[in-house]
Amino acid sequence: MSIKMKKQFGLLSGLLILALMVNQNLSAQTEKPNVLLVMVDDLGIEGISAYGSKIQTPNIDALAANNGVQVSHCFAQPNCTPSRVKLMTGMRTYKSFDRWSYLNPKHKTFGNLMQEAGYKTAIAGKWQLNGNAKMSGYVPEHNHIDRATQAGFDEYHLHNYIGKEGERYANSVVDSNGERVRGSYGPDMHRDFIQGFIKRNKQNPFFVYYPMVLVHGSYTQTPDSDDWGKPSSKKKGGQYLIDMVKYTDKIVGQLVETLKQEGVYENTIIIFTCDNGTGRGGNIDTANGKVRGGKGTMTDAGTRVPLIIHYPAKIKQAAYWEGLIEFSDFYPTLADIAGVNVQKEKDLDGTSFLPLVEGMPQDFKSRKVLLMHHDPRRDDNAKRIETDSTNRNRFARTIGYKLYQTGQFYNIQQDVLEQNVLDVKSLGKTETKIYKQLKAKLNKINKQYPWQDVWPKQN
């Protein structure tokens, strides 16, 4: 080979190497991240030690402490079905929640969203969205085996899915991709399924939605409890709750380890949250005293939940972010993660918190006022709804203050249990300004969705 040819060959080789490097860099920049969304059943912020619980949850805490953002004020609905519907659709419940234990198939879910964006999708854990006669007396699709698939999930492994449900914990019964399977402990079955899904799909961008069956009462043993395999004792309910929270943390750690073993940990976004407050039978010791669970109520004990975002590839410095996030925000955030424009989906109520996911909390300016509508006993009987004022309500709030549709105004920072209604005629200048701000928010939404109406409208 002549010197000229060698030079030309060397130049060509260099260009090829440069092109490969550019392609690799572009591929790395455009590669979609995986997403693992974990949602615990019935656990408020007081259940996680990163938020002050005396129950130690080291694996969950590590998500925040290492490459994570811990959010101070995330709000779910007070109960499971409204929270799940809101989370999955990005719409507040006056648009999306029809009946207890039911997700209307007309709604596009984040499963559909991620599937359309090219993700392999899976759901494992608690479903309870086909319209359970036991819960609501309404059975539109109770035995519809394709509901999870229609909601955008390529694979599913679900408790309380179709037909007669089995146990969620010991001797569990689960519907898995069209087959009914049984196992010794439900949470372990769901974990194993997710681990298998990750291993099978690690070459693709994947989205795993894991609505855990833990820690919903009645509180009972886990395989790590001292009396596992023996009849549970009602006297040990408090200890069982602690055991269940610890087992939840253990499973989170096992899933993180799977991501590492399969080489996808760095490029996987882990989002950890809970669907509502702790059950009212659960009392948890915290650094600030004992907290009684408030599930089903619109207080912080019923609605304020942990939110931790963990993303090693982008979050390089742990942060504690003090702002307001609600469950309708998850759908547009996932859309941004997947690179999908959802601005034309006019019914969406959420705001994307992508800057938190990308480790830039300083760039995220969230809402100053959060709105919640709660109507847990939705029914076709309008008279029943209108007179059910103890459960049906709306509120607008800042971090420090809350105003209900029914008129009660509270300073939440000083009165988290909402025991002292503020006299709006005796407010100072600052509180008067906040009150008017919240009142304007409620008035605005009431013009669009009048309080006396039944929402959503039935088709």
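Computed values, structure above
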{"item": "Hey, Ser53 small (Gly, Ala, Ser) and modelled with pLDDT under 95 or not", "result": "no"}
{"item": "Any chance Glu431 is more than 18 Å from Thr297 (Cβ to Cβ), more than 27 Å from the chain's Cα centre (by Cα), modelled with pLDDT of 95 or more and open to solvent by 30 Å² or more (accessible area, probe 1.4 Å)", "result": "yes"}
{"item": "Of residues in the stretch 263-283 being open to solvent by 10 Å² or more (accessible area, probe 1.4 Å) and modelled with pLDDT of 95 or more, the one nearest to Ser218 (Cα to Cα)", "result": "Tyr265"}
{"item": "Complete set of residues in the stretch 259-292 that are under 21 Å from the mean Cα position of the chain (by Cα) and not in a strand (DSSP E or B)", "result": "Leu259, Tyr265, Asn267, Asp275, Asn276, Gly277, Thr278, Gly279, Arg280, Gly282"}
{"item": "Some residue of the stretch 329-349 being in contact (Cβ under 8 Å) with a residue 12 or more places away in the chain, open to solvent by 60 Å² or more (accessible area, probe 1.4 Å) and among the basic types (Lys, Arg)", "result": "no"}
{"item": "Some residue of the stretch 125-145 being under 25 Å from Leu334 (Cα atoms), within 20 Å of the chain's Cα centre (by Cα) and at pLDDT 95 or above", "result": "yes"}
{"item": "Residue match in the stretch 260-273 (condition: in contact (Cβ under 8 Å) with a residue 24 or more places away in the chain and within 17 Å of Ser53 (Cα to Cα))", "result": "yes"}
{"item": "Restricting the stretch 300-314 to residues that are open to solvent by less than 10 Å² (accessible area, probe 1.4 Å) and not in a helix (DSSP H, G or I), the residue that is farthest from Tyr265 (Cα to Cα)", "result": "Val305"}
{"item": "Residue list for the stretch 384-403, restricted to those being within 20 Å of Cys74 (Cα to Cα), modelled with pLDDT under 95 and either of a type in the set (D, E, K, R) or open to solvent by 20 Å² or more (accessible area, probe 1.4 Å) (or both)", "result": "Arg394"}
{"item": "Within the stretch 161-213, strands (runs of 3 or more DSSP E) holding 2 or more residues that are polar (S, T, N, Q) and over 19 Å from the mean Cα position of the chain (by Cα)", "result": "170-176"}
{"item": "Unmet requirement for Ser233, which otherwise passes all of (1) open to solvent by less than 70 Å² (accessible area, probe 1.4 Å); (2) modelled with pLDDT of 95 or more; (3) out of contact with any strand residue (DSSP E or B) (no Cβ under 8 Å at 6 or more places or on another chain)", "result": "(2)"}
{"item": "Residue match in the stretch 357-371 (condition: closer than 26 Å to Ser101 by Cβ and out of contact with any Gly (no Cβ under 9 Å at 6 or more places or on another chain))", "result": "yes"}
{"item": "Contacts under 9 angstrom Cβ, first residue in the stretch 404-418 being in contact (Cβ under 8 Å) with a residue 12 or more places away in the chain, partner open to solvent by 50 Å² or more (accessible area, probe 1.4 Å) and polar (S, T, N, Q), 6 or more apart", "result": "Thr406/Ser389; Tyr410/Gln419; Tyr410/Asn420; Asn411/Asn420; Glu418/Gln408"}
{"item": "Residue within the stretch 76-91 that is closer than 25 Å to Gly47 by Cβ, among the polar types (S, T, N, Q), modelled with pLDDT of 95 or more and under 18 Å from the mean Cα position of the chain (by Cα) present", "result": "yes"}
{"item": "Asn67 more than 16 Å from the chain's Cα centre (by Cα), at positive phi and not acidic (Asp, Glu)", "result": "yes"}
{"item": "Some residue of the stretch 337-358 being outside any helix (DSSP H, G or I), hydrophobic (A, V, I, L, M, F, W, C) and within 15 Å of the chain's Cα centre (by Cα)", "result": "yes"}
{"item": "Restricting the stretch 37-53 to residues that are among the hydroxyl-bearing types (Ser, Thr, Tyr) and assigned to a helix (DSSP H, G or I), the residue that is farthest from the chain's Cα centre (by Cα)", "result": "Ser49"}
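The values are calculated or read from the model by the stated rules, or taken from the named source; none is laboratory data. The structure presented is a predicted model; accordingly, all values stated were derived computationally and were not measured. Note that we place each Cβ from the backbone using ideal geometry, even for glycine, and neighbour counts take in every protein chain shown. All accessible areas refer to the heavy atoms of the entire protein, side chains included, with ligands and DNA or RNA removed. Shrake-Rupley method; radii C 1.70, N 1.55, O 1.52, S 1.80 Å.
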